[in-house]
Amino acid sequence: MKSYYITTPIYYVNARPHLGHAYTTIVADTLKRFHRMLGEDARMQTGTDEHGDKIVKAADKAGMTPQAFTDEISGQFRALWPQLNIDYDGFIRTTDEAHKRSVQALLQRLYDQGDIYFGEYGGHYCYGCERFYTEKELVDGMCPQHLTKPDYISEKNYFFKMSKYQEQLRRHILDNPDFIRPERYRSEALAMLEGGVLEDLCISRPKSRLTWGIELPFDKDYVSYVWFDALANYITALGWPDNEDDASGTYRRYWPGEHLVAKDILKPHGIFWPTMLMAAGIPLYKHLNVHGYWLVKDTKMSKSLGNVVDPLKAAGHFGLDAFRYFLIREMNFGSDASYSAESITTRVNADLANDLGNLFSRVLSMNAKYFESKIPPLGDQDDADLLLSENTDNAAENYIALFGEMRLSQALEALWAPIRAMNKYVDEQAPWTLAKAGDTARLGTVLRTLLENMYKVAYLLWPVMPDSSATMQAQLGRPQGEFSGDALHDVIKYRMHLRTGLAIAPASNLFPRLEMPREEAPAKPEKKAKPAQPAAAQPAAADEAPKSPVEFSDFQKLDLRVGVVLAAEKHPNADKLLRFDIDLGEGKPRQILSGIAAFFKPEDMVGKKVVVVANLPPRKIRGLESQGMILTAGSAGGLALLTADAPAGSPIA
Ligand code: ME8
């Protein structure tokens, strides 16, 4: 079985996890799930980086010992991931005894073969980056990452002969165009190798300055440089070097793997690490996948700048799968992306509530209405039906290919083409017209064609939105099972997946519309001040511009129905709103919210036969979901209800 090993950086434990860490880790989880669905033996590795000056300083500030401090923050990372549905297989801490022993073995190997030597070095040291900078690398004398002035330090240390492997690495990058991807980071790494002789890497710190590190096996007065220790985690986590020659051990099973990092740590991963591997005689990783930064108001989100977003709060507020979807769809992998409550609301409402959620909601409720929620048989398919399925299959192939190239946002974009095509197909095929005409066979074929294509899309979305994908599959009567073989290509290959006659969900409400955050909502054009009037006394139409004509086919898209008010009460959190349970002849009443509390008493509403717009996407208003809209007419005396004396559910045309 082919294996797949994906790693995240091991995060510093000097502060709590934030959205930047969550992004990388969610991408790693998504990739692991994707490769599992391809039938591969997939493993995901993450963890925490716990040695070095930075951690000692943070522990000091918190009034704790480094060990107690790292235990606490590492615990926070470990506890967070499952809450974001991240299914990691290994969590390494660089303070683990096994890791320390393995790093010492690596150091000893390089020392014994003469790749580590003792020498004197002076350089500009940035404590934030835990590294020396050359004069050339500084920007106006400042660290390019932290924009702080580094300290000039001169001391005796151990050095790794990085320059010895410079040409070999340059050749490897030239011969393997996707070794570092996307391209811009490959070019950056090549530029580092082609800009002159690489400086050898200082891989020790004297204990007189720092004791919180892994002791060098050949000199107990020194500890390892934190980056040398940290980079080795990718193999020590697999049990290297104890199982280096064991063909069935974890190391040989998974190495070489794939790394995932942001551009801040390109140099250690693109230059230090591959030269360390070359020196140790270990195969190089397969790909270094480098992404950009999440920005908040055009500035990198980072703990030192204090503008971080708490991923758990965001997931709780917007919905976990909506949050995961947003992160992967919004960031063009490799480039920077902006995070704001407004951008997530806009994206989720457009793609999830309007496109995907609405598709599931309307098709399942039509299937409930016309086929008592049973999956209808497929009759003869016409060109439109075949084209729809072909579209889905092509998009699915693209989705898989783009995922493989780490073009994750484009992969999701590809999958949204058939979702939009399905919504259009519903409008064009107009199942309600077929129902009216009594053409049950055609109606069944249309709905069955939709249900089968919806199943494929739902299934393919599992790596990105595991819970929602499982819910959608279950709603279609085929709950998610264990994967076997190449499940991703299999789902495309077969035309039919659902069982005729099986009862499926009568309704679906996956992604309620999000309210635009108040402070960020686009400003409405200001209206001219008008003389004060009793609000209720203004006919609504009086101050509105005449509306432009609509096509009859657009008007027909409205599902207007008679609804009988079963219960009415004040909204618990909003004075202007009433909450209704309304019978629309669907077997189960709908909850509808309406801003008419100033005009009607709840007790007077019960039993009224009102006119309801029944096919608006569900919307959350002040914490409660509204599944439709009650129509009213403005009049000089206040508001009048539109009523119709017909049974619950009667269509209005
Ligand atoms: O660098 N946007 O740890 P670290 C996107 N311990 N991703 C971001 C981000 C942002 N604004 N901020 C952080 C270290 N990240 C070392 C790594 S590996 C052997 C040692 C993510 O806690 C991104 O993955 O500073 C970035 O590379 C990583 O967190 C840096 O985490």
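The values are calculated or read from the model by the stated rules, or taken from the named source; none is laboratory data. Here the structure is a predicted model, which means the values were calculated and not measured. We place every Cβ from the backbone using ideal geometry, glycine too, and count neighbours over all the protein chains shown. For accessibility, only protein heavy atoms count, side chains too; no ligands or nucleic acids. Shrake-Rupley method; radii C 1.70, N 1.55, O 1.52, S 1.80 Å.
Just a yes or no: is a residue in region 161-176 more than 15 Å from the ligand (Cβ to nearest atom), modelled with pLDDT of 95 or more and outside any helix (DSSP H, G or I)?
Yes, because at least one residue in region 161-176 is more than 15 Å from the ligand (Cβ to nearest atom), modelled with pLDDT of 95 or more and outside any helix (DSSP H, G or I).
Would it be correct to say that A368 is buried (at least 22 other Cβ atoms within 10 Å of the Cβ) and assigned to a helix (DSSP H, G or I)?
The answer is no for A368.
Pick from region 269-290 the residues that are within 9 Å of the ligand (Cβ to nearest atom) and either open to solvent by 10 Å² or more (accessible area, probe 1.4 Å) or in contact with a Pro (Cβ under 9 Å, 6 or more places away or on another chain) (or both): which of them is nearest to E137 (Cα to Cα)?
Only one residue fits best here, namely H269.
Under 6 Å by Cβ, and 6 or more places apart or on different chains, what pairs join a residue from region 188-201 that is assigned to a loop (DSSP other than H, G, I, E, B) with one that is of a type in the set (F, W, Y)?
D200/F159
Collect the residues in region 119-160 that are acidic (D, E), closer than 20 Å to L216 by Cα and part of a strand (DSSP E or B), keeping them in residue-number order.
E120, E155
Suppose we filter region 282-304 for residues that are in contact with a Leu (Cβ under 7 Å, 6 or more places away or on another chain) and among the hydroxyl-bearing types (S, T, Y); how many remain?
1
Filter region 456-506 down to the residues that are in contact (Cβ under 8 Å) with a residue 40 or more places away in the chain, of a type in the set (D, E, K, R) and open to solvent by 30 Å² or more (accessible area, probe 1.4 Å) and list them by number.
D467, D486, R495, R499
Which one of these does S74 not meet: (1) small (G, A, S); (2) more than 10 Å from the ligand (Cβ to nearest atom); (3) in contact with a helix residue (DSSP H, G or I) (Cβ under 8 Å, 6 or more places away or on another chain)?
(3)
Out of (1) in a helix (DSSP H, G or I); (2) surrounded by 21 or more Cβ atoms within 10 Å (Cβ to Cβ), the odd one out for R442 is which?
Only one criterion is unmet by R442, namely (2).
State the number of residues belonging to region 291-319 that are away from the ligand (no atom under 15 Å from the Cβ) and open to solvent by less than 40 Å² (accessible area, probe 1.4 Å).
3
How many residues, within region 410-424, are open to solvent by less than 10 Å² (accessible area, probe 1.4 Å) and more than 18 Å from V491 (Cβ to Cβ)?
Going through region 410-424 one residue at a time, the tally reaches 0.
If you scan region 237-259, which residues turn out to be part of a helix (DSSP H, G or I) and either within 11 Å of the ligand (Cβ to nearest atom) or of a type in the set (K, R) (or both)?
R252, R253
I'd like the full set of residues that are open to solvent by less than 20 Å² (accessible area, probe 1.4 Å) and assigned to a strand (DSSP E or B), limited to region 565-616.
Listed by number, the residues that qualify are V565, L578, F580, I582, I592, L593, S594, V610, V611, V612, V613.
Please go through region 4-28 and pick out each residue that is within 6 Å of the ligand (Cβ to nearest atom) and under 16 Å from the mean Cα position of the chain (by Cα).
Result: G20, H21, Y23, T24.
Quickly run through region 320-337 and pick out the residues that are near the ligand (Cβ under 9 Å from one of its atoms), of a type outside the set (D, E, K, R) and assigned to a loop (DSSP other than H, G, I, E, B).
Across region 320-337, the qualifying residue is only M331.
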